[in-house]
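Remarks on the structure that follows.
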Amino acid sequence: MLKRIIKDFLPLGLVEWYRGQKGEYKKFRKRFFEVSCYLEDQGRFACRWADRYPCLNDATSCTPFEPHYTYHPAWAARILAVTRPSLHVDISSSLSFVAIASAFIPIEFYDFRPAQLTLSNLESKFADILSLPFESGSVTSISCMHVVEHIGLERYGDRLDSQGDLKAMKELARVVAPGGQLLFVVPVGGESLVHYNAHRIYHYDDIICQFANFRLENFSLITDDSRFIENAGIDVISKQKWGCGCFHLVKCS
């Protein structure tokens, strides 16, 4: 039974990773007692086994990072630094993005689960992405990044809805003012598919069709091999399994 649970619920490759970690942990245990004696002799800090905090994968030749959530907020912040809206609205994107961007632009952050962030230039409020609290055509600058692909897949306690993502995109399109901008980020690849209950992966054309009344100002891509490509071509997108598509869209008048 346990083997079945591991097979069904752990991501592919995690079991093999864990087996490799066991060897590293044995090395850590041996080294801990050598180092703890040394540190205790120095008389500056207590070093107890109960307080251990194994970090087994940080001795790398370069600093690793998660490409989707490093690059796409940087992409969006650079656009806001150029467009400089008097107010920017964000729908449920990463908290680190709104926290940093609010240093130079007033931001209203909306989420089904409002965040208790207390920073100048930043307000955190409740909103349901399927029924946004804005008049049609009233928002001049809005972002929704790495959010829509989750809607309707039950991941965050929401109801199963195969059309949930389409409803969310329609609602975003509704509230943007003519000439206003939408910064929109979702996973993209060569095939449209669902990884239940985590997220969807879209084909580039899926998004363009949903925002037919918008002009594509810029499309940037974070590839499977962690590269960031500005103004990426369709040929590159089709080769991805789980890339990150960054769409800068401007609503037509």
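The values are calculated or read from the model by the stated rules, or taken from the named source; none is laboratory data. The structure displayed is predicted, hence computed values, not measured ones. Ideal geometry is used to build each Cβ from the backbone, glycine not excepted, and the neighbour counts take in all protein chains shown. Calculation scope for accessible area: heavy atoms of the full protein, side chains included, ligands and nucleic acids excluded. Shrake-Rupley method; radii C 1.70, N 1.55, O 1.52, S 1.80 Å.
Quick check on this structure: which one of K170, K251 is out of contact with any strand residue (DSSP E or B) (no Cβ under 9 Å at 6 or more places or on another chain) and modelled with pLDDT of 95 or more?
K170 is the lone residue from the list that is out of contact with any strand residue (DSSP E or B) (no Cβ under 9 Å at 6 or more places or on another chain) and modelled with pLDDT of 95 or more.
Output the qualifying pairs, or none if there are none: Cβ atoms under 7 angstrom, residues six or more apart or on different chains, first residue in segment 236-253 and touching a residue at least 40 places away in the same chain (Cβ under 8 Å) and assigned to a loop (DSSP other than H, G, I, E, B), second residue among the small types (G, A, S) and open to solvent by 10 Å² or more (accessible area, probe 1.4 Å).
Correct list of pairs: S238/G190; K239/G190; Q240/G190; S253/G179.
Of the residues I229, I208, I201, which is part of a strand (DSSP E or B) and free of Cβ contacts under 8 Å to residues at least 12 places away in the same chain?
I229
Table: residues versus (1) surrounded by 13 or more Cβ atoms within 10 Å (Cβ to Cβ); (2) under 21 Å from A198 (Cβ atoms).
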site: V89; (1), (2): yes, no
site: I107; (1), (2): yes, no
site: Y110; (1), (2): yes, no
site: S120; (1), (2): no, no
site: E149; (1), (2): yes, yes
site: G152; (1), (2): yes, yes
site: D165; (1), (2): yes, yes
site: M169; (1), (2): yes, yes
site: P178; (1), (2): no, no
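Could you grab me the full set of residues in segment 180-198 that are in a strand (DSSP E or B) and surrounded by fewer than 17 Cβ atoms within 10 Å (Cβ to Cβ)?
Those that are in a strand (DSSP E or B) and surrounded by fewer than 17 Cβ atoms within 10 Å (Cβ to Cβ): L193, V194, H195.
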